[in-house]
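What follows is a short report on a single structure.
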Amino acid sequence: MPKLSNDMAKKVDTAEDGFKPVEPGWYQLKLVEVDTGEGAKGPYWQWVFRRHDSDSAKRFWETTSLSEEARWRLRKVFEAFEVPTDTNTDDLLGLWIWAELGIKTIQKGTRAGELDNTIVQFKPQSHKIDDTQLGSGKPFTPPEGGASTNGAKAKAGATAGKGGDTEPPPF
């Protein structure tokens, strides 16, 4: 049976929780996944983002409800990608935006009472963020030209048969 060495046991005993929020501020985030689900008020989309300089485990989520009173938030996400709202989210995967991250207290679940990040607002990659507003992540230029190509790249994907309005929505 495995047993930790005394040195490793001390490291495990003093290890910090891996769920630490990043400091508030603006970060460049890449869209890595969009899933759908059903909530109390109807269908929603779960957007998953990663920072360019974070480890693979650190992700940031945005849940956008399709309910009438919450559609404005969904529009804001599409605006950040500089694409029309009928763009297939598959065409947005791998694209970058700015997001202002804040800190919130988790209200329910196994992590209730712990601190976590929340996305406060979105801006297009082309938006200029003052260095004094940046979080702990250092800015960089996304591959393939960065900000100015987000909208064009997504539109090109939609017209090249990668989705666009050729597939019905999943709800």
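The values are calculated or read from the model by the stated rules, or taken from the named source; none is laboratory data. Everything quoted here is computed from the prediction, not taken from an experiment. Glycine also receives a Cβ, built like all others from the backbone with ideal geometry; neighbour counts cover every protein chain displayed. The accessibility values were calculated without ligands, DNA or RNA, using every heavy atom of the protein model including side chains. Shrake-Rupley method; radii C 1.70, N 1.55, O 1.52, S 1.80 Å.
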Taking 0.36 nm per residue of sequence separation and subtracting the Cα-Cα distance, how much length would be gained by fully extending the chain between D86 and K58, in nm to one decimal? 7.2 nm
Nitroxide proxy distance, nm - points 7 Å out along Cα→Cβ at R73 and D13: 4.3 nm
Compactness of region 1-110, expressed as Rg and Dmax over alpha-carbon positions, Å: 18.2, 58
Which of the pairs K58/K128; K58/K108; K108/K128; K11/K104 have their Cα atoms more than 31 Å apart in this structure? K108/K128
Quote the accessible area belonging to V48 in square angstrom, nearest 10, computed with a 1.4 Å probe and with ligands, DNA and RNA left uncounted. 0 Å²
For region 1-106, state which trypsin sites (Lys or Arg not before Pro) are in a DSSP loop and have at most 16 other beta carbons lying within 10 Å of their beta carbon. K3, K41, K58, R59
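Can you bin region 46-110 into rounded, prolate or oblate? Criterion: square roots of the alpha carbon gyration tensor eigenvalues sorted a ≥ b ≥ c, rounded for a/c under 1.5, prolate for a/b above b/c, oblate for the rest.
On the way: a/c = 2.01, a/b = 1.17, b/c = 1.72.
Taking the square roots of the gyration eigenvalues as a ≥ b ≥ c, region 46-110 is oblate.
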